[in-house]
Amino acid sequence: MSFVRSIGAEFRKVFTTRMWWLLSLILVAYVAVMSGGFGAFLGWTVQNPDAAAQTGNATAIPPGLELAPLLYSFATSVGYVFPVLLGALAVTTEFRHRTLTTTFLAEPHRTTVLGGKFTSQLVMGAVLGVIGFATSVGTGAAALAAFDLETGLDSSDTWALVGRGILAMALWGAIGVGLGALVPNQVAAIVIVIAFTQFVEPVLRLVASLNEVTADIGRFLPGAASDALVGASFYSIAGIGGAVEVLEWWQGGLVLLGIAVVATVLGGATTWRRDVS
């Protein structure tokens, strides 16, 4: 029962602050621009190849590439940073505002508290996933329909992709908890999340794809594993790791789950055990 109470307490902490809906609003805006805007651009390019060539547009869509999954996957391929941030903030905020002492007084078992954060952020990550995919599917499908292109909304594969994407976002939320437990300094955690997701990993994936040996290793990077779990990513058209054989969707899920569990366990065994004041 104490674990259930801990989960409930974590949800109250999330919903009594503005951070979760602020991140949700930014997620919606970001994904809408990427999915809707890129969808309109690709739609115009497909329907007007001559005009696109005259403007110097060098975009080449690989033969057989379906645009709908590509656009819908923007919810995870660019939006996964948001559940990571929310998960990390769920831990680091307690350190920053010195509320962890009160939390441990209410629930002395620190493992229970950390487990409550892990579980609650799995759910919150899934919530952000629903919000992200509602946005990417809505704006992406509208852009495709505007150019009379196939939206894929009547395909079970599309909705399977959405389901796997929501699972990926849930796992990213749990990874955020692990990161926050490992790096309790809030500023440092935020910098690490933004730097790694927006710069470091994309560069690593690009460099890894240049060699067959490193490409096999690059498949296990968290972003690459997430794309494998979802089943689509704009990286396939950007040429980053596009020629590399990706993991199976379930393997990608296990990689993300493993990262989340290992990071959380390590954080729980180190920083989380320290005295707080």
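The values are calculated or read from the model by the stated rules, or taken from the named source; none is laboratory data. Just so it is clear, the structure is predicted and the values come from calculations on it, not from any experiment. Cβ coordinates were reconstructed from backbone atoms using ideal geometry, including for glycine residues, and neighbour counts include every protein chain displayed. Keep in mind that these areas ignore ligands, DNA and RNA; they rest on the heavy atoms of the full protein, side chains included. Shrake-Rupley method; radii C 1.70, N 1.55, O 1.52, S 1.80 Å.
Out of region 30-48, which residues are within 17 Å of the chain's Cα centre (by Cα) and open to solvent by less than 70 Å² (accessible area, probe 1.4 Å)?
Looking only at region 30-48, we keep the residues that are within 17 Å of the chain's Cα centre (by Cα), and these are 30-35.
Listed by number, the residues that qualify are VAL31, ALA32, MET34, SER35.
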LEU179 is checked against (1) in contact with a helix residue (DSSP H, G or I) (Cβ under 6 Å, 6 or more places away or on another chain); (2) farther than 17 Å from ALA263 by Cα; (3) open to solvent by 20 Å² or more (accessible area, probe 1.4 Å) and fails just one. What number does that condition carry?
-> (2)
If we scan region 127-137, do we find a residue that is free of Cβ contacts under 8 Å to residues at least 40 places away in the same chain and polar (S, T, N, Q)?
-> no
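For region 197-217, name all the residues that are within 20 Å of MET19 (Cβ to Cβ) and either open to solvent by less than 70 Å² (accessible area, probe 1.4 Å) or of a type in the set (Val, Ile, Thr) (or both).
At the first step, the residues of region 197-217 found to be within 20 Å of MET19 (Cβ to Cβ) are 197-198.
The answer is THR197, and nothing else.
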With the first residue restricted to region 176-200 and required to be free of Cβ contacts under 8 Å to residues at least 12 places away in the same chain, and the second required to be surrounded by fewer than 14 Cβ atoms within 10 Å (Cβ to Cβ), Cβ contacts under 6 Å at 6 or more apart or on different chains are none
Scan of region 100-118 for residues that are at pLDDT 95 or above and either touching an Asp or Glu at 6+ places or on another chain (Cβ under 8 Å) or farther than 19 Å from GLU10 by Cβ (or both), ordered by number | VAL113, GLY116, LYS117
Within region 156-175, residues loosely packed, with under 15 Cβ neighbours inside 10 Å and in contact (Cβ under 8 Å) with a residue 40 or more places away in the chain come out as ASP157, ALA160
Go through region 215-231 and give me each residue that's of a type outside the set (A, V, I, L, M), within 23 Å of VAL193 (Cα to Cα), free of Cβ contacts under 8 Å to residues at least 40 places away in the same chain and not in a loop (DSSP other than H, G, I, E, B).
-> GLY218
Kindly indicate whether LEU27 is surrounded by 15 or more Cβ atoms within 10 Å (Cβ to Cβ), out of contact with any strand residue (DSSP E or B) (no Cβ under 8 Å at 6 or more places or on another chain) and within 16 Å of VAL127 (Cα to Cα).
-> yes
Checked pairs for region 18-44, first over 14 Å from GLY132 (Cβ atoms) and in a helix (DSSP H, G or I), second open to solvent by less than 60 Å² (accessible area, probe 1.4 Å) and at pLDDT below 95, C-beta under 6 Å and 6 or more apart or across chains, list as LEU42/LEU67; GLY43/PHE147; GLY43/LEU149
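Select, from ILE190, ILE217, the only residue that is out of contact with any His (no Cβ under 7 Å at 6 or more places or on another chain) and at pLDDT below 95.
Details: ILE190 fails: at pLDDT below 95.
Checking each option against the conditions leaves just ILE217.
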Tell me, which helices (runs of 4 or more DSSP H) wholly within region 99-186 include 2 or more residues that are under 24 Å from ALA68 (Cβ atoms) and among the aromatic types (Phe, Trp, Tyr)?
-> 156-182
